[in-house]
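The structure appears below as structure tokens.
The values are calculated or read from the model by the stated rules, or taken from the named source; none is laboratory data. Everything quoted here is computed from the prediction, not taken from an experiment. Positions of Cβ are generated from backbone atoms using ideal geometry, with glycine treated the same way; all protein chains shown enter the neighbour counts.
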Amino acid sequence: MRNRLLMLIVIAALPLGTAAGGREDAPPRRISRTVLEDKIRGGWAGQMIGVSFGAPTEFVSNGRTIGWPIEWKPEAVANAIGQDDLYVEMTFAQVLDSAGLDATTEQFGEMFRDSRYHLWHANASARRLLNRGIKAPMSGHPRYNAHANDIDFQIESDFIGLMAPGLPQVASAYADRIGRVMNYGDGLYGGMFVSGMYAAAFFETDVRKVVEAGVRSIPPDSRYARIIRDVLAWSAEAPGDWKATWRRVTDTWDRDDPCPDGALHEFNIDAGLNGAFIALGLLYGGGDFARTLEVATRAGQDSDCNPSSAAGILGVVLGYAAIPETWKAGIPALADTKFEYTNYSFNGIVSSTMARAVRIVERAGGTVTAKELIVPHQEPAAPVLEQWQVDPPTARLDSSHGSWDWSAGWDDEPSRGGRVKTAATPGAEVTLTFHGTGAIIVGRYTERGGRADVFLDGQPAGEIEARQVPRTHDNVYWHATGLPSGVHAVRVVVRPSRDPAAGGTSIAIERAVILGR
């Protein structure tokens, strides 16, 4: 696989507990146990409220703002019990609670491999790869994972900042360890940005400064950081008009998404764009809980995940007690109900997070007493820059397009949005000829999925393993990026062998996304 990976050193990562940015002599911060717990409770409550408020609108409005009324009833928060935004991050928290604070990336990957909930995009690709024996962190690397820049880790990173009060470097270190299970580059930075904002929110009431602290936790030359800096600048220029800033963000950054579901379509699950909408909600919400929810949701795209993080961060700033009653009134009735696929209820995850936060503060050189935590001052520090630079999509070629040359042995089957070509005969092959710098082949994973060899420009270039891992909703068969611009040929040949767990040898190809300039 010939990926173009830009690796530039921006700043060396500092040891945990070390101040950065010339603030070594800054005094530590004090927070009472009562206030700390209230803020942690506010963070989890904010997530629950935000995801429940936005759930009816998720990916309903892409490339446009939501203009219709969005209703809220306190009992609607029960929707959070079955939301992947919450239960996935809680299972990562469970790894820390069971294996300890030094749990490795590989251990998080093992948990993810064996999880039983439904997954999509980078998460699904990572679990599929882990089940094929590709261990973390390579399960999130763009060499194997074509969704590496997607939103997945961003929506699962909140718990990291919640257990690192005032410790953005600690938050980034955990984000780096966990986020690589399913993401890389900007996909990883989404989690660092979000967890960095949470870490700042324990000691900062100005939401603009919270967003600024979050962006300082990621490399300034990253695409993600450039997006957030634009939101900060444009919101300052138009402080009373969030839609004007939304329009500038959308016109500038809501394009060229290589995700095969969003390529050349309005759907966009890119971490950076959706991170911009989190920032938009916080900046234009101005500390008002309802306004923050409204803006982060009405910005569209992943409009339940984005208000979940925005309201979670603001929930830390305000604390649970200060969240307006109309928003949190439904929580007490389900506070001891376990979230799906987890051992945690709302009360349980608050208690677990509090215990981890105490241990983490101690590890960072802080002091913990019966009444308060004294937290050493820590400035955000950006890690080494890594970017998966993918040329924009130029074409979607369904299976009936003339760029495909199908041998005997392939059959046509109907498919949503087109047709799919299937073959189970060993030796059946197809060649895709395209002009560009990369291609993503999209197909179906099924219980009868087989195997195929892939050749790029006549050379072996990997394989397709089309057996579906249960509850894993992926559709990328194979991808290559960073090729020399020009004409390339990808040949796929069905193998006679199959995974012993598969029920057949079927390969089902739907389309290809072509990348180039």
Open item on the list: Contact list please: Cβ distance under 6 Å, first residue in region 22-50 and assigned by TED's automatic domain parsing to the domain that holds Met163 and part of a strand (DSSP E or B), second residue small (Gly, Ala, Ser) and modelled with pLDDT of 95 or more, pairs at least six apart or on different chains.
Closed with: Arg29/Gly166
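From Trp253, Trp234, Trp242, grab the single residue that is surrounded by fewer than 24 Cβ atoms within 10 Å (Cβ to Cβ) and in contact with a Phe, Trp or Tyr (Cβ under 7 Å, 6 or more places away or on another chain).
Trp242
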Open item on the list: Residues that are surrounded by 22 or more Cβ atoms within 10 Å (Cβ to Cβ) and in a helix (DSSP H, G or I): does region 55-67 have at least one?
Closed with: no
Task: Of all residues in region 102-114 being out of contact with any helix residue (DSSP H, G or I) (no Cβ under 6 Å at 6 or more places or on another chain) and part of a loop (DSSP other than H, G, I, E, B), the one that is surrounded by the fewest Cβ atoms within 10 Å (Cβ to Cβ) - done: Asp102
Task: Exclusive hit being in a loop (DSSP other than H, G, I, E, B), touching a residue at least 24 places away in the same chain (Cβ under 8 Å) and among the basic types (Lys, Arg), set Arg498, Arg491, Arg396 - done: Arg498
TODO: Kindly indicate the residue of region 397-443 that is closer than 19 Å to Val494 by Cβ and among the acidic types (Asp, Glu) and also surrounded by the most Cβ atoms within 10 Å (Cβ to Cβ) among those meeting that condition.
DONE: Glu429
Open item on the list: Please go through region 115-132 and give me each residue that is charged (D, E, K, R) and either surrounded by 24 or more Cβ atoms within 10 Å (Cβ to Cβ) or not in a loop (DSSP other than H, G, I, E, B) (or both), ordered by number.
Closed with: Arg127, Arg128
Task: Failed condition for Asp256, given (1) touching a helix residue (DSSP H, G or I) at 6+ places or on another chain (Cβ under 8 Å); (2) in a loop (DSSP other than H, G, I, E, B); (3) charged (D, E, K, R) - done: (1)
Open item on the list: Can you find a residue that is within 30 Å of the chain's Cα centre (by Cα), under 16 Å from Ile440 (Cβ atoms), modelled with pLDDT of 95 or more and not hydrophobic (A, V, I, L, M, F, W, C) anywhere in region 487-501?
Closed with: no
Task: One residue from Val350, Val361 being of a type in the set (A, V, I, L, M, F, W, C), touching a helix residue (DSSP H, G or I) at 6+ places or on another chain (Cβ under 6 Å) and assigned by TED's automatic domain parsing to the domain that holds Pro239 - done: Val350
Task: Verdict on Asp241 being at pLDDT below 95 and of a type in the set (Asp, Glu) - done: no
Task: Single residue of Ser125, Ser98, Ser52, Ser61 found to be within 17 Å of the chain's Cα centre (by Cα), of a type in the set (S, T, N, Q) and modelled with pLDDT of 95 or more - done: Ser125
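For Arg208, state whether it is among the basic types (Lys, Arg) and farther than 14 Å from Gly285 by Cα.
In short, no.
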